[in-house]
1. Out of the residues in the stretch 265-289 meeting the condition of being assigned to a loop (DSSP other than H, G, I, E, B) and β-branched (Val, Ile, Thr), tell me which one is farthest from Glu326 (Cα to Cα).
2. Since Lys294 meets every condition but one in (1) surrounded by fewer than 22 Cβ atoms within 10 Å (Cβ to Cβ); (2) in contact with a strand residue (DSSP E or B) (Cβ under 8 Å, 6 or more places away or on another chain); (3) not assigned by TED's automatic domain parsing to the domain that holds Gly229, which condition does it not meet?
3. Could you grab me the full set of residues in the stretch 222-249 that are among the β-branched types (Val, Ile, Thr), outside any loop (DSSP other than H, G, I, E, B) and closer than 16 Å to Ala377 by Cβ?
4. Hey, Ser110 hits all of (1) among the hydroxyl-bearing types (Ser, Thr, Tyr); (2) touching a helix residue (DSSP H, G or I) at 6+ places or on another chain (Cβ under 9 Å); (3) at pLDDT below 95 but one; which does it fall short on?
5. Do we find that Asn394 is at negative phi, modelled with pLDDT under 95 and not basic (Lys, Arg) in this structure?
6. Among residues belonging to the stretch 308-327 that are of a type in the set (Val, Ile, Thr) and in a helix (DSSP H, G or I), point out the one that is surrounded by the fewest Cβ atoms within 10 Å (Cβ to Cβ).
7. Is the stretch 329-342 home to any residue that is within 25 Å of Ile259 (Cβ to Cβ), touching a Ser or Thr at 6+ places or on another chain (Cβ under 7 Å), among the β-branched types (Val, Ile, Thr) and part of a helix (DSSP H, G or I)?
8. What number of residues in the stretch 344-377 are among the aliphatic types (A, V, I, L, M), out of contact with any strand residue (DSSP E or B) (no Cβ under 9 Å at 6 or more places or on another chain) and closer than 19 Å to Leu412 by Cβ?
Amino acid sequence: MAFFCIFIYMKTEFLLSRRNFINSLSIATGGLLTPAFLNDIYSEDELQILEEFGATEDLTKNEAYWKKIKSFFELDQEIINLNNGGVAPSPSPVMEAVIKYNQIANKIPSYNLYRVLNKGREPLRFKLAELAGCLPEEIAINRNATEALETVIFGLSLNKGDEVVLSRQDYQSMQNAWKQREKRDGIVLKWVDLNLPSEDKSYLINAYKNAFTNKTKIVQITHLINWNGQILPAKEIAVEAKKIGAEVILDAAHSFAQIPFSFSEMNIDYAGVSLHKWLSAPFGTGFLYIEKDKIKKVYPLFAAPDDEEDKITKFEHLGTRSFAIEQAINEAIDFHLKIGIERKSARLFYLKNYWVKKLSKIQGVKILTPNSKEFSAGIALFTLEGFEHATLLNKLYLKYHIHATMINLGNLQGVRISPNVYTLKKDLDLLVDAVKELSKA
C-alpha cells in the first residue's frame, strides 16, 4: 500500500514537472514546437496502428502485429540485424525526437541546453523510476551501464583485504574495473566460474554462496549474462549476500526492458542499466540506481558540490552532454509501454525458442543457452561443428547478409543471436536455412 501511494505521488509530481517543461520548451521555441508534440510524438494514424489489437490480447505469435511494430523502425533493407544485444536501433519517433530536441538546443545553445532542456531531467527521472519500480531520487541518468557500474565500483570505500565476489562470466569492463581496484587498494577478488548453461537454481545460488566469507563486502551479479542469455537467480543470490551483511551490485544492462522485474524487489543496493539495448533509447543512454540511504557514502566519478553529498544528482556532473538524446529517452519509454513489458518479453522468448528449436534439429549444431523462461529470454548462443566461430560469423554476413556477433569466453564460445521486437519469423527462417546449408558444406 505504501509503495502504491509513493507511485501516486510520483505520477502527480511527474505530470506537473513535465507540464512545466513543455511550457518552457514552447516559450523557448516561440511556439514553433507545440506541447502536443511533446505529450505524444506519435501521429494519430500511428497510434491507431498500435491500438488495433487489444491491450490484453496474446499477440506473441501474431506476425501482423509485429510487422506493424517493425514499420516504426528505419532499418537496413539489405542486412538482417540479429545483434540487438550490442546496440539496438531506435524506432523512428525516438530518432525524430533527437533531431527536434537538437534543433531546439542549437537555436541558442547556452540558454536552451541549461535553462530549457535541462528542466526535462526531473520529469524523465520520475518516468524512469516508475518503469524501474523504485524512487526517483534513486536514479541518476548516465550514458550506459558501464559508466553507472564503474561509478559504484570506484566510488565505494573498501579497505585492504576486503573481499568482492564476482563472476568470470560478468561483463569484461566490470571485471577490469575490479582488477584495477585490486591493484590499487589491495582488495581481494573471489571469482565464481559458472558452468553454463544451467537451469539448476541451487547450483547457481550456491556457486556464489560458497564464495562468501566473513570478509565479503560486495557481491556483483549479472542479471542476464550477455554472452549466452543465461538468466541468474539474482534475487535469491542477493538474499544470501544480505545474510552475511554484504552489499549487492546488479548489472542489469540486458535484463532491463527485456524481462519483467522491479528494482525494489531485488534485494540490491546498486545497479547499472543501458537504455540503448532493450529499451531502444538513443545511443549512449543509461542510468545508475542507488538505494536512497546508500547515496551519501558513494563518491561520484566526477566531483560534485558538497551540498549534493546525499543527492542522486551528484552522479550527473558530466560537463556538457547531449540533452537531446537524454530527453528522447521519453519517447523510447512511450514506445516500450505501447507494447508492454509482458508482451515484449513473451515475444522475445518466443523468437529465441523459434530459431533454437529449428537449429537444434540440424546435425552439428549445439545450443549453449537454457530453454526455460526462468533462465533465458531473447538471447541465445550456438556453435556449428566443423566451423571456427569467426568463419561461421563471416559466412553468415558475407553470404547470407545476417549480422550477428561472436562470443569467445571460456566455455561460452560461438555465435550469439539476439533478435528484437521488429524481428519477424521469416528473418529467423533465413538464419535457419543459412545454417542448414552451411552444415552440408
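The values are calculated or read from the model by the stated rules, or taken from the named source; none is laboratory data. Note that the structure is a prediction, hence the values are computed from the model and not measured. Neighbour counts run over all protein chains shown; Cβ positions are idealised from the backbone, glycine included.
1. At the first step, the residues of the stretch 265-289 found to be assigned to a loop (DSSP other than H, G, I, E, B) are 266-269, 275-285.
Next, from what is left, pick out any that are β-branched (Val, Ile, Thr): 268, 285.
On the way: Ile268: 25, Thr285: 7 Å.
Residue satisfying both the conditions and the ranking: Ile268.
2. Checking Lys294 against (1) surrounded by fewer than 22 Cβ atoms within 10 Å (Cβ to Cβ); (2) in contact with a strand residue (DSSP E or B) (Cβ under 8 Å, 6 or more places away or on another chain); (3) not assigned by TED's automatic domain parsing to the domain that holds Gly229, the one that fails is (3).
3. Residues of the stretch 222-249 that are among the β-branched types (Val, Ile, Thr), as a first pass: 222, 225, 231, 237, 239, 244, 248-249.
Next, only the ones that are outside any loop (DSSP other than H, G, I, E, B) stay: 222, 231, 237, 239, 248-249.
Within the stretch 222-249, Thr222, Ile231 meet the criteria.
4. (2)
5. Details: at negative phi: yes; modelled with pLDDT under 95: no; not basic (Lys, Arg): yes.
Against the criterion (at negative phi, modelled with pLDDT under 95 and not basic (Lys, Arg)), Asn394 does not qualify.
6. Filtering the stretch 308-327 down to residues of a type in the set (Val, Ile, Thr) leaves 312-313, 320, 325.
From the residues that got through so far, the ones that are in a helix (DSSP H, G or I) too are 312-313, 325.
Values: Ile312: 22, Thr313: 17, Ile325: 23.
Among them, the one singled out is Thr313.
7. Yes, the stretch 329-342 contains a residue that is within 25 Å of Ile259 (Cβ to Cβ), touching a Ser or Thr at 6+ places or on another chain (Cβ under 7 Å), among the β-branched types (Val, Ile, Thr) and part of a helix (DSSP H, G or I).
8. Count: 0.
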